[in-house]
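*Asks:* Please see the structure below; I have some questions.
The values are calculated or read from the model by the stated rules, or taken from the named source; none is laboratory data. Only a predicted model underlies this, so the values are computations on that prediction, with no experimental measurement involved. Heads up, the Cβs are rebuilt from the backbone with ideal geometry, glycines too, and the neighbour counts pull from every protein chain shown.
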Amino acid sequence: NDELFKNVISHAKEYGFVFPSSEIYDGLSAVYDYGQLGAELKNNIKTYWWKAMVQLNENIVGIDSAIFMHPKIWKASGHVDGFNDPMIDNKDSKKRYRADQLIEDKITRYQKDGKTEKANKLQADLDNALNKDDLGSLKAIIEEHNIVCSISGTKNWTEVRQFNLMFSTQMGAMAEGSDEVYLRPETAQGIFVNFLNVQKTGRMKIPFGIAQIGKAFRNEVIARQFIMRMREFEQMEMQFFVRPGTELEWYNKWKETRLKWHLALKPDQSKYRYHDHVKLAHYANAAVDIEYDFPFGFKEVEGIHSRTDFDLSQHQQFSGKKLQYFDPEVNQNYIPYVIETSIGLDRMFLTTLCNAYEEEDLSTPEKADSRSVLHLHPALAPIKAAIFPLTKKDGLPEKAREIMDALKMDYNLIYEEKDAIGKRYRRQDAIGTPICITVDHQSLQDNTVTIRHRDSMEQERVAIADLERILEGIVGW
Ligand code: ATP
């Protein structure tokens, strides 16, 4: 599986999906750039989410709030005081770790060695220390279990300290302390503080939702696993406002709906599971993660949380502005309860790549052969079709261009005339292009072309006049 993950990462780089940020300067830790195909794939994932959430639900609307917000927002939300990771440094190697992660790794090691009882006991101790924010206990656990630094091999640890994950910067040119602003660590607060603006101007009636896609920033202590844990990333979040008392019904509905959204892309279904939270944040009355079985194990891709009226109440208190809704059906004013669905776009991107990537063995008894292929859902594929003239002469390129020009306003297409046709097919397989359209000499006679399908590698002869309808059938939503 380590091998598989390495292949996915190098494939993503080789074909222009994801590059390390600032690569010619040796990169910037946990920051990545999306290349020419990555940007397309990312946009298609966003479109799939936006259509499913905003376009298909008459009672959900989308906004785009600013990354910078009033600093008091992060006081009200609890991020200034509570959005911390416990961190510890090794004095010899000067390497920084997340204390809880070091212990988690030890638990995994115990499990691998068959020391189940020891693993369970350690897990319980860890949960207990984290629940109580007991930094001293974390340090004690690290010492007691002889956890050493992977670089220096020593256990010369500092104390455990809380490390706030928010990035801050100065706004304006003032030298005083009051102008410090944060880069938002989640998009949700931009929705909460606009709750009444949207409700009033959009004449929304409860239950209704507000959705948003946007960047978020977290100063993660450790960067691991490619685009799984980044310092700059994107979230797709939706807050659904409901009448108090109905929240669990809506929670269950969204829990089901969101998993269906993932499964509608036709991935290997066994790679998805729910992980219900047993320990809940103090403001939540239900929470679940949708987990995907990455090459490094099941990990959260999306969270669905029943957040009660915690956020709106906090903002009402801190801003001094009423954030209530008058519900004509029950003739009552109240602060709505909120169900939140929160998915990381980059994690969804990684899930999509892991699902799609295959090194397919095409060997026959006569000949060894294989291909790299991305079995992307056609609606997500960066390039919808490739158009090839069989040769560079006899008017074939002109005919191919004609077809391309007629379709390129509606579909993202690629034109290629270099290399043998087989080689061109393989290149498109590797980037997930669902079909290749080849123009040959017969095309000039009877206006037909060959279509070659990515997954089955089968070919068929079709009329040029039918191409638009065929493409729509394959790549349409
Ligand atoms: P984790 O426990 O993995 O750090 P989290 O519980 O802090 O995640 P949330 O705060 O619930 O995550 O954020 C919602 C979603 O945002 C996550 O499900 C994940 O997909 C995404 N996300 C969170 N942190 C990162 C990150 N550093 N890089 C990329 N995506 C992230």
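*Asks:* Would you be able to say whether some residue in region 235-258 is closer than 27 Å to residue 102 by Cβ, without any contact (Cβ under 8 Å) to a residue 60 or more places away in the chain, out of contact with any Pro (no Cβ under 6 Å at 6 or more places or on another chain) and away from the ligand (no atom under 12 Å from the Cβ)?
*Replies:* No, because not a single residue in region 235-258 is closer than 27 Å to residue 102 by Cβ, without any contact (Cβ under 8 Å) to a residue 60 or more places away in the chain, out of contact with any Pro (no Cβ under 6 Å at 6 or more places or on another chain) and away from the ligand (no atom under 12 Å from the Cβ).
*Asks:* Continuing with the same structure: Report every pair of residues separated by at least 6 positions or lying on different chains whose Cβ atoms are under 7 Å apart, first residue within region 334-345 and outside the structural domain of residue 274 (by TED's automatic domain parsing) and assigned to a strand (DSSP E or B), second near the ligand (Cβ under 8 Å from one of its atoms) and of a type in the set (A, V, I, L, M, F, W, C).
*Replies:* none
*Asks:* Okay, next question. Only helices (runs of 4 or more DSSP H) wholly contained in region 117-224 count here; list those with 3 or more residues that are without any contact (Cβ under 8 Å) to a residue 24 or more places away in the chain and in the same structural domain as residue 62 (by TED's automatic domain parsing).
*Replies:* Per the criteria, 195-201.
*Asks:* Residues of region 327-346 being among the aliphatic types (A, V, I, L, M), buried (at least 20 other Cβ atoms within 10 Å of the Cβ) and more than 20 Å from residue 257 (Cα to Cα), which ones?
*Replies:* Listed by number, the list holds a single entry, 335.
*Asks:* Taking the conditions exactly as written (surrounded by 15 or more Cβ atoms within 10 Å (Cβ to Cβ), without any contact (Cβ under 8 Å) to a residue 40 or more places away in the chain and either within 16 Å of the ligand (Cβ to nearest atom) or among the acidic types (Asp, Glu) (or both)), does residue 77 satisfy them or not?
*Replies:* Considered against the rule, which asks whether it is surrounded by 15 or more Cβ atoms within 10 Å (Cβ to Cβ), without any contact (Cβ under 8 Å) to a residue 40 or more places away in the chain and either within 16 Å of the ligand (Cβ to nearest atom) or among the acidic types (Asp, Glu) (or both), residue 77 comes out as no.
*Asks:* Search region 287-315 for residues being small (Gly, Ala, Ser) and within 14 Å of the ligand (Cβ to nearest atom), and hand back the single one that is nearest to residue 48 (Cα to Cα).
*Replies:* Checked region 287-315; the qualifying residue nearest to residue 48 (Cα to Cα) is 303.
A quick yes/no check of all residues on (1) at positive phi; (2) not in a strand (DSSP E or B):
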residue	(1), (2)
3	no, yes
13	no, yes
27	yes, yes
33	no, no
39	no, yes
44	no, yes
57	no, yes
81	no, yes
88	no, no
